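Read the structure below first, then the notes.
The values are calculated or read from the model by the stated rules, or taken from the named source; none is laboratory data. Given the structure is predicted, the values throughout are model-derived calculations rather than measurements. No Cβ is skipped: glycine too gets one built from the backbone with ideal geometry, and neighbour counts run over all protein chains shown. Just so you know, the surface numbers come from the protein's heavy atoms only, side chains and all, with ligands and any DNA or RNA stripped out. Shrake-Rupley method; radii C 1.70, N 1.55, O 1.52, S 1.80 Å.
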Amino acid sequence: MMQVGGDVKMDHRRRRRRRSPPRGPRRVTRSQSRPGDLSVLPDELLHLVLARLGCLRAAARTSGVSSRWRNLWTGIDEVAIRDLAPVAIHAALARLARSRSSVSTLDIHVPEQRAGLRVSAVDSLLSAAAGLSPGELSVTIPELPYDRDVAVSLPRLDATRSLKLNVPGVIFVSPPGRVFPSLETLSISDCAMDIAAMLPRCPKLRVLSVSKAPESVATIKVHSASLQEFAGSILDQSVVDVAAPALKKLTLSFDMGMDGNLSVVAPMVEEMYLKCWYYSMYVGLFSDTWRVCFLSILAAESKEQRKRTGGDTSALVLPRAQVMSLKILVSTHPSQRNFAQEMEKLPSVLVSVLELKIASLGHVFGPMVLYLLGIYTEVQKLDIVLLESLAHIEDSCFRRRCHCEVPNKNWRDQTLSLVSITEVEIKGLRGEYHEVDFLALLFKCAPMLERVNVELRNGVIPETDWHNLVQDTFQEYPCVDSTIRV
Amino acid sequence: MEVDKGKGEAEETRKVAEADRDTVTLKSSDGKLFEVSKEAAARLSTVLAGMIAGGSIDDNGTDLKQIGSEALENVVDYCNKHANSIPSAALISSSISFNTAPFKEPEEWERKFVDRLSHDALFDLVEAANFLGMERLLDVTCHKISEMMKGKSPDQIREVFNIKNDYTKEELEEIRQELAWAFYDD
């Protein structure tokens, strides 16, 4: 019979602790204990309980419970400070430093009502925090009312793997020669740092997050050999320059007005998410433009994995292939940025699945989709969702009188070679005739087509003619497994 | 020979059947047996995962001499409930770990699960979770105890948890002075 404690692989740290005799004479053993007495738990488990009180202050107050509890709180390894003024924080950190040389997590949050700090206080708080050699350090301080764009030197953080800073009004600088040898994760929010100068000093950095960078920062330059993930959000910056040979995941979300320069060199990238407002496509529409406002590119396999966790089991797509999802809407404000040109600035992709969410406002979308299929000729699966307009927005298309087809009237007669496409799904059809034309064109141009599913928008009852036309098209290609759901 | 061969085959079949079993049997310190889903046990307990991977699971009941039957029943109950619950988005870990709060909030059913326990059962479960390397259960149980302490003075904590006060008045005052930053507002 096997017993725990043989040659079983287990957490040795825990096992050793568990077997060591209880520390100190004050621990209550089970036989001496009174019912419901929390003191039966060993120190290391009580530390876990105290850490979950949410603030070191509450933990320290338990020293008044009994002599067993007197210094228990100083054993907390994951320290959070939420409820203390800066002077008290110094006292608390100094007391901790007397008992221990390091903590695994130190998360300091100076509360809002304690605002009114000067920049020198930020400096000394950081130094005191660094003195505890935290494995993870997070510092959040509300806006400094008297100081703006002042430099604060980063302290030595040799053991720190994760650093998170949210200190508005401060520019963090790293003194000459200072290296951050353990840093793997860096997050800067609402404050500034010369990232271009910082990254070469972080040889192990894997994850970088920059959000709400102040306006004073004009360029975000992310050049790193080790970086695997970069997330930049709400960027007003006009220049974003990423060069990261090991980068796997890129997330960028720009402010609405963003019309600047983007450069990405990341040959290994597997996932990209771009939220933007500036990729126009001049296709088909006369006065309006199609604009891409969200774009994501995922490795096909990770997308499949995600679907699987959601309970869906779709067929596997070839590895290396990618899923491109675009959200496209109609806008009367053209931009200088052209979709195809902008895509050339991103790492090249082999799109095997094209997912389009189109807020068409009733416009003829066929030419725009054909334009995309002309760029991404490897697409095997085309997935279109025609979004319903919001209640207060009226269709901007006036059917036959609309200009939406004027520049490209002949799109129905186009001959395209869509040899890769095997599967098409369109949801949200409105029962309009240009939709049938688009379907017919797909059947004609995609000889390898195997499956077509179309679905009408909820509550739409199409004309009999429309329905018959769709059925006729389906019957013309009996080899294709086609269905329509009303 | 024929018979031996037949016996060997039966043995083989039995072994295969054992390897394929989707539950494991655990034995408490007082000799009671409990069945738990192998998948859930391996996912939730690093120690059980190590034993399953290492083939050191006993079909007649793997001895867990440090865990009493009440605590083990709760452990098994938790594993089974966990196997049946749909994880919320918060539990599906993201690759970027910028958690401000190092601890994840318990799910609704986990709250209910620990709420019904007596203090002693809860403390035993904390120790069992720690012993079995069940990080999530340890998190949930410790969270529950901390909830019972939150916002309470040392006097109130002593009362809730039946802890004996061995301080003199002078000692208590000394502590308050020493940790003035914690006990008094500035």
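Only protein heavy atoms count here, probed at 1.4 Å, and on that basis chains A and B bury about 5500 Å² of accessible area in total.
Put a dot 7 Å past the Cα of B:Glu170, heading toward its Cβ, do the same for A:Ser67, and the two dots end up 1.4 nm apart.
For segment A:150-265, the dipole from Cβ point charges (+1 on Lys and Arg, -1 on Asp and Glu) about the Cα centre works out to 580 debye, to the nearest 20.
Computed extension length for B:Ser69-B:Glu108: 11.5 nm, one decimal, from 0.36 nm per residue of separation with the Cα-Cα distance subtracted. Here B:His143 sits with roughly 20 square angstrom of accessible surface, probe radius 1.4 Å.
The accessible area of A:Thr332, taken with all protein chains in place and a 1.4 Å probe, comes to roughly 90 Å².
Pairs from the table (B:Lys38/B:Lys81; A:Lys164/A:Lys212; B:Lys81/B:Lys144; A:Lys164/A:Lys345; A:Lys164/B:Lys104) lying more than 24 angstrom apart at Cα are A:Lys164/A:Lys345.
Taking θ as phi - 60° and the Karplus parameters 6.51, -1.76 and 1.60, the scalar couplings of segment A:49-62 work out to 5, 5, 4, 7, 5, x, 8, 4, 4, 4, 5, 5, 5, 6 Hz in sequence order, x denoting glycine and proline. For the segment A:35-48, counting C-beta atoms of other chains within 10 Å of every residue's C-beta and taking the mean gives 6.
3J(HN,Hα) couplings calculated from phi for segment A:63-80 with the Karplus curve 6.51 cos²θ - 1.76 cosθ + 1.60 (θ = phi - 60°) are, in sequence order, 4, x, 6, 6, 4, 4, 8, 3, 10, 4, 4, 6, x, 4, 9, 10, 9, 10 Hz; Gly and Pro show x. The solvent-accessible area of A:Lys221, taken with every protein chain present and a 1.4 Å probe, is close to 90 Å². Positive-end ranking of A:Pro142, A:Ala121, A:Pro203 along the dipole of segment A:117-212, with charges on Cβ about the Cα centre, is headed by A:Pro203.
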